[in-house]
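Report on the following structure.
Values quoted throughout were computed directly from the atomic coordinates according to the rules given, and no laboratory measurement underlies them. Everything numeric here is computed off the predicted structure, so don't read it as measured data. Using ideal geometry, Cβ is built from the backbone for each residue, glycine included, and neighbour counts are taken over all protein chains shown.
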Amino acid sequence: MNVMNVIIGSTFALLVAGFFISYSSMNNSEISDPKALEAARLEKRIAQLESARLKGTNANQGFSNTFNTHSPLQRAANQQADATELERLRTDLSVLKDERDKIEDQAAAVIEAALGTQPAKNDRRANLIKSALVMAHITEYDNVNKIAGIEIERVGNVNTGDTLGIRRNSGIIGRLTIGMIDRNQGVADPLPASFMGGSIDIQAGDELILPPN
């Protein structure tokens, strides 16, 4: 792919994202996105229920005189139904907005990557990781009991409970928590969630560093 294709692709992605965001935010204009239509419908229904709740009437009742003929039990049941529906609608609306936010974030990430703005941030982090001092290194790893043996290179700077990053090939592949320490030897427990896909990959010789913020 040449430079011109990259520019054209980036411009197209920018236009798509811009149209999506602008259409989503135009309250008085026609909404064509299905998620935006559903969000607008939910917001309208929530407003109706909120208004009815504040007025002390049932949202599904068309005439107040008819409502007044209901028994106290019926009115309580109707109000409970409205409250339940209101909570459900709020949850549905929150989910919809989260999905739309994710789409916008993904579009922004694609644009940033195409324009070459994201690598600069990654380069800064990579440089911090690469230049970080080695606090300890892995001497062995017991895959059955999920525990690592470590040798501390900076005694006094590594303490029980510390969380260190596992550096390999200038990148952090996971993290572990320091356990018992005896002088310059110790053990550590890997944090599965910090590894790609949750699959623990620790090898003798891996370096332990303070992960950059």
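Within straight cross-link reach of residue 35, meaning Cα distance under 20 Å, which aspartates and glutamates are found once same-chain residues fewer than 8 apart are removed?
Cross-link targets: 43, 85, 87, 92, 98, 99, 101, 104, 105.
Could you tell me which residue out of 149, 171, 184 lies farthest along the dipole of region 146-189 toward its positive end? Charges go on the beta carbon: Lys and Arg +1, Asp and Glu -1, centred on the Cα centre.
171
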